[in-house]
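The block underneath contains the structure these notes are about, expressed in structure tokens.
The values are calculated or read from the model by the stated rules, or taken from the named source; none is laboratory data. Remember, predicted model here, so these are calculated numbers, not experimental data. Here Cβ is always computed from backbone atoms with ideal geometry, including for glycine, and neighbour counts include all displayed protein chains.
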């Protein structure tokens, strides 16, 4: 699973997602191993980040379970089964504060 984590993280970084944070859920959840959280400046950038994660994961032979990216939201998500990649517009990330909600879980340095 570390391979997919690196692929997804690098794909987000490649499209300039800012403030990338990885939260380790491996000891917390039987379903989710990691959250990767990043920020995009606008909808076009968020879509580009999500599309790149999807492309890179599929190229590497991984399964993309679902993409949640509606035009009316400012929070996009790509579900890679045990890794969830969250992309927020500026300002929305602070509103939902996933890092604060899961502040007791370890962070992964990439």
Verdict on residue 81 being out of contact with any helix residue (DSSP H, G or I) (no Cβ under 7 Å at 6 or more places or on another chain), modelled with pLDDT under 95 and closer than 19 Å to residue 3 by Cβ: yes
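What residue, among those in the range 66-80 that are surrounded by 12 or more Cβ atoms within 10 Å (Cβ to Cβ) and assigned to a loop (DSSP other than H, G, I, E, B), is farthest from the chain's Cα centre (by Cα)? Give the derivation first.
Residues of the range 66-80 surrounded by 12 or more Cβ atoms within 10 Å (Cβ to Cβ): 67-69, 73-80.
Applying the additional criterion that residues be assigned to a loop (DSSP other than H, G, I, E, B) yields 69, 73-74, 80.
Numbers: 69: 12, 73: 15, 74: 14, 80: 9 Å.
Ranking the qualifying residues of the range 66-80, first place goes to 73.
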Unique match (being in contact (Cβ under 8 Å) with a residue 12 or more places away in the chain and within 17 Å of residue 5 (Cα to Cα)) among 69, 57: 57
Residue 87 passes all but one of (1) modelled with pLDDT under 95; (2) in contact with a strand residue (DSSP E or B) (Cβ under 9 Å, 6 or more places away or on another chain); (3) closer than 19 Å to residue 18 by Cα; which number fails? (1)
